[in-house]
Amino acid sequence: IVGTPRNENGALIITSGIPSDNPCDPNGTGFNYALNAFTGASLSQQYFDANRDGKVDDKDNVSSGGTTTPAGGVGYTGGGMLTDSVGLQGDDGNDALVCGTFEGGTCKEDVKSTIAKGRISWREVMGE
């Protein structure tokens, strides 16, 4: 695990790094994961654009043994091992998970963020 896992409204976001076989080589691979923060199971809704078609939808589900679930993670294979990730919210409704690489590059995954958007709360400030 690279960096600090974070809770995003019940989704635990984790970035992992897998170094190359050569200890002097900064290249490697990594994965970004989104799991249920309370059970460790898959999320009940899609988080990643796993098929990378620009949309986070039911086409991003994965199937195994006759069971279909949202993808719990996506892999990254180019440009160096991953560093910690940060979630970004776009004004256009498209969100992204962005992380750096040990070689100075970046990795961007389209996601459907679970962070509440817009005004979350407010407080009236009264003058005297």
Spacing of the two label points (7 Å from each Cα toward its C-beta) at residue 20 and residue 39, in nm | 4.1 nm
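Return a whole-number percent for the relative contact order of the chain, with Cα pairs under 8 Å and 6 or more residues apart as the contact set.
Once divided by the residue count of the chain, the mean separation gives 23 percent.
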Net +/- balance of residues flanking residue 48 in space, Cβ distance below 10 Å, scoring K and R +1, D and E -1 = -2
HN-Hα J in Hz across the range 44-55 - Karplus 6.51, -1.76, 1.60, θ = phi - 60°, x for Gly and Pro = 7, 10, 5, 10, 9, 8, 5, 8, 6, 9, x, 10
Scoring only Lys, Arg, Asp and Glu (+1, +1, -1, -1) among other residues with Cβ under 13 Å from the Cβ of residue 73 yields -3
Calculate what fraction, in whole %, of the accessible area of the range 1-49 sits on carbon and sulfur atoms when a 1.4 Å probe is rolled over the protein chains.
-> 56 percent
Please work out, to two decimal places, the log10 of the ratio I(q)/I(0) at q = 0.14, 0.19, 0.25, 0.26 Å⁻¹ from a Debye calculation in which every Cα of the range 45-111 carries one identical scatterer.
-> -0.47, -0.78, -1.09, -1.13
Compute the accessible area per residue over the chain, keeping the other protein chains in place, probe 1.4 Å, unit Å².
-> 62 Å²
Kirkwood-type radius of the chain, with distances r between different C-alpha atoms, in Å | 16.0 Å
Under 14 Å, Cβ to Cβ, from residue 37 - net charge with Lys/Arg +1 and Asp/Glu -1 | 0
Stokes-Einstein, Kirkwood over Cα pairs, the range 1-52, 4 °C, 1.567 mPa s; D in µm²/s equals 104 µm²/s
What FRET efficiency do you get for residue 59 and residue 6 if R0 is 25 Å and r is their Cβ-Cβ distance, rounded to the nearest 0.05?
-> 0.40
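The values are calculated or read from the model by the stated rules, or taken from the named source; none is laboratory data. This one's a predicted model, so the numbers in the text were calculated from it and none came from an experiment. Here Cβ is always computed from backbone atoms with ideal geometry, including for glycine, and neighbour counts include all displayed protein chains. Ligands, DNA and RNA are stripped out before the accessible areas are found, and what is left, the full protein with its side chains, is counted by its heavy atoms. Shrake-Rupley method; radii C 1.70, N 1.55, O 1.52, S 1.80 Å.
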